[in-house]
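Visitor: The structure under discussion is supplied below as structure tokens; questions concerning it will follow.
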Amino acid sequence: MTDEIREVDALVVGAGMGGVLALHKMTNELGLEAIAIDKAPGIGGTWYWNRYPGALSDTQAHMYQFPFEPELYRSTNWNRRYATSSDIRAYLENAVDVWGLRPRIELNTELTLATYEEESATWLAHTTTGAIRARFLITALGLLSQKNKPALPGIDDFRGTIVHTTEWPDDLDYAGKRVGVIGNGSTGVQLMTELAKTVGHLTTFQRTPQYSVPAGNRPYTPEELADFKANCEALWDGFETSAIGFGLEETTRKAFDVSAEEREAIFEAAWQKGGNFTFTHETFADVTTDRAANDEAAAFIKRKIAEIVDDPETARKLMPTEIFARRPICDSGYFQIFNQPNVELVSTKENPIQRFAPEGIVTEDGVLHELDILVLATGFDAIEGSYRNLDIRGRDGLRLSDHWSDGALSHLGITVHGFPNMFMVLGPLGPFVNLAPAIGVQVRWITQAVAELAAQPGATMELSAEAEEAWLQSCLDLLEGSLFLQTNSWIFGANIPGKKKARTASYFTGGLAAYLAIAGQEARDGYPSYQIHVPSSV
Ligand code: NA7
């Protein structure tokens, strides 16, 4: 820690996918003096922290890479349809080396305060290792990186090991052990499917049953890999017409355009092919928007659960009761584990956790579930949750947390009124799409804006209040009648007690193509939503 203030052009906060790409662009494309900091001891962002058994991206690997980077894309070899957490860390480590960024990334360094200083039109950032002054502040904090560790009264009475999935110790020995898991979202489902192979006994304390479809994980064929590499530009061009950017054949067919038999056959084909967004977007265009179509998809999955799970009572408890409108999950044999003698399901809706005991968990029926390890797979304080513990102060000392006290605000998920020359990667009200293209598209937009500002000494760019309000309104309008609002998921902050939901949206749900068109137009029109201030030369 030194008293000296280091001066850079751009400070990037976060060394995950968004931060690494932003640092590359600032340094190698714009030639700016830029550094990135991250509180983690390693590169990877959410993938640094999420290294629990079974952790993998459920986006197909060829679409979970930096877009618009053909050289890196063509030199990367994924061996399977989905990349594991360690594959993704290796990919990012390689990108850092290929792009020569390693000397510019400062790990074990946490941002404690960032203040916009009007007079110099710069950001003064205080970190755990010293102070940095930067013209441009790029926050790439991650959408799913702030862990959600819910208050579970009495949990400290448990004498065994308690682990959150974002803090999985590499040396945790769970083979043969009695393991309990709270949380059965994407993380819990991946984790339990893996744990069930080796633990002595697995008990899931399930609050809300979830829909899940097969992931269809398999090796990529050499032909597929060659095809992705040869045609990566076409994959990226596809964003211009895509709703979600996962590289799928997004259908326009509606569920009731076809007969009941055809509908079943289409769902079955998607089930066999595997993939969560395959099931929602290659079957029928209205699965996520129309209640009757959604009911058809939900009923299909429930029939599958009944077929897969031998014990009818366990199958009943695994059947979701809400509509199929959380972020969809896919698995590699999750429902099948409930046919194993070492796996047990406790429905905490029917049989709540009464208390934690030194030996395990006591449920309301009086049963003590003895455990050696209790895993919290309880997810994230998503989206703006990553900003919750940061003290960022914009113009006139305005705290970002105060500006967002009634719900997060932004334009494009990138900029905030009152915070000049600050750019977020995957900030709130960004596009609800595959995150790799979202990162690529946002960083490209930021790079263009920073390039224009950097060319004029002291120039600043600040979102207008009107444009911020208008963006919120357009996000809210898009949510009218949305099925997503009818479930309690992280998408709208319903998983965090007390998180503001009134008049707020979390995302722009108009699709990737529309998002690209709006963001592109904004830049081409010379940023009409912004006040650009260029100091007059002396
Ligand atoms: P999710 O999808 O938010 O799932 C969290 C799970 O934890 C879910 O089953 C929750 O039950 C459960 N949970 C959360 N808080 C509690 C409390 N207090 N008591 C009991 N159970 C609780 O997080 P994931 O990490 O699985 O996935 C997040 C995203 O990461 C995923 O969508 C991908 O995009 C990657 P609930 O359903 O709320 O009843």
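Visitor: Which one of Phe256, Gly274, Phe228 has its Cα pushed farthest toward the positive end of the charge dipole of segment 221-315, where Lys and Arg give +1 and Asp and Glu give -1 at the Cβ?
Guide: Going by the charge dipole, the pick is Phe256.
Visitor: Can I ask one more? Which of the trypsin sites (Lys or Arg not before Pro) found in segment 367-429 are in a DSSP loop and have at most 15 neighbouring Cβ atoms, other than their own, within 10 Å?
Guide: Arg388
Visitor: Over 32 Å between C-alpha atoms is what I'm after, so list which of Lys25/Lys229; Lys147/Lys302; Lys197/Lys229 land there.
Guide: Too far apart for the 32 Å limit: Lys197/Lys229.
Visitor: How would you rank 432-438, 167-173, highest first, on the average number of other Cβ atoms within 10 Å across their residues?
Guide: Per-residue Cβ counts within 10 Å, averaged per peptide and sorted highest first, yield 432-438, 167-173.
Visitor: How big is the charge dipole of the chain about its Cα centre, in debye rounded to the nearest 20, if each Lys and Arg gets +1 on its Cβ and each Asp and Glu gets -1 on its Cβ?
Guide: Taking the Cα centre of the chain as origin, the dipole is about 580 debye.
Visitor: Another question, then. Given the C-alpha centroids of segment 236-282 and segment 376-423, what is the distance between them in whole angstrom?
Guide: Between the Cα centre of segment 236-282 and that of segment 376-423, the gap is 35 Å.
Visitor: Binned at 10 Å from 0, what are the whole-percent values of the Cα-Cα distance distribution for the chain, short to long?
Guide: Per 10 Å bin, starting at 0, the Cα pair percentages come out as 4, 18, 28, 27, 17, 6, 1, 0, 0.
Visitor: From the helices alone, meaning DSSP H stretches of at least four residues, give me the mean residue ellipticity at 222 nm for the chain, per-run term -39500 (n - 2.57), in deg cm²/dmol to the nearest 500.
Guide: -8500 deg cm²/dmol
Visitor: Further question: Quote the charge dipole size of segment 276-368 about the Cα centre in Debye, to the nearest 20; the model charges only the Cβ of Lys and Arg (+1) and of Asp and Glu (-1).
Guide: 200
Visitor: For segment 326-369 and segment 159-193, write down the distance between their C-alpha centroids in whole Å.
Guide: 13
Visitor: OK, next. Give the peptides 329-335, 352-358 in descending order of average Cβ contacts within 10 Å, highest first.
Guide: Top of the packing list down: 329-335, 352-358.
Visitor: A further question on this structure: Determine by what factor the alpha-carbon radius of gyration of segment 256-334 differs from 2.2 N^0.38 Å, reporting the quotient.
Guide: In units of the 2.2 N^0.38 Å rule of thumb, it is 1.07.
Visitor: If you don't mind, another one. Provide Glu364, Glu93, Glu384 in ascending order of the number of other Cβ atoms located within 10 Å of each residue's Cβ, fewest first.
Guide: Lowest count first: Glu364, Glu93, Glu384.
Visitor: Can you compute the FRET efficiency between Met319 and Thr289 using 1/(1 + (r/R0)^6), with r the Cβ-Cβ distance and R0 = 30 Å? Round to the nearest 0.05.
Guide: For Met319 and Thr289, the calculated efficiency is 0.85.
Visitor: Which one of Gln65, Phe492, Gln354 is farthest out on the positive end of the charge dipole of the chain, using unit charges on Cβ (Lys, Arg +1; Asp, Glu -1) and the Cα centre as origin?
Guide: Looking along the dipole axis, the top candidate is Gln354.
Visitor: Tell me the Kirkwood radius of segment 391-461: reciprocal of the mean inverse pair distance over distinct alpha-carbon atoms, in Å.
Guide: 13.0
Visitor: Kindly put Lys39, Lys25 in sequence by how many other C-beta atoms sit within 10 Å of each C-beta, fewest to most.
Guide: Ordered from fewest to most neighbouring Cβ atoms within 10 Å, Lys39, Lys25 come out as Lys39, Lys25.
Visitor: Hey, another quick one. Classify segment 74-156 as rounded, prolate or oblate from the Cα gyration tensor: take a ≥ b ≥ c as the square roots of its eigenvalues, call it rounded if a/c is under 1.5, otherwise prolate when a/b beats b/c and oblate if not.
Guide: It is oblate, given that a/c is not under 1.5 and a/b is not larger than b/c.
Visitor: At each listed q (0.16 Å⁻¹), what is the log10 of I(q)/I(0) that the Debye formula gives for segment 128-255 modelled as equal alpha-carbon point scatterers?
Guide: Relative scattering, expressed as log10 I(q)/I(0), comes to -1.08.
Visitor: Something else now. Any chance you could check the Cα centroid distance between segment 196-230 and segment 464-538 for me, in angstrom?
Guide: 32
Bear in mind these aren't lab numbers, they're just calculated from the coordinates by the rules spelled out. Since this is a predicted model, take the numbers as computed values, not measurements. Every residue, glycine as well, gets a Cβ built from its backbone with ideal geometry; the counts of neighbours run over all protein chains shown.
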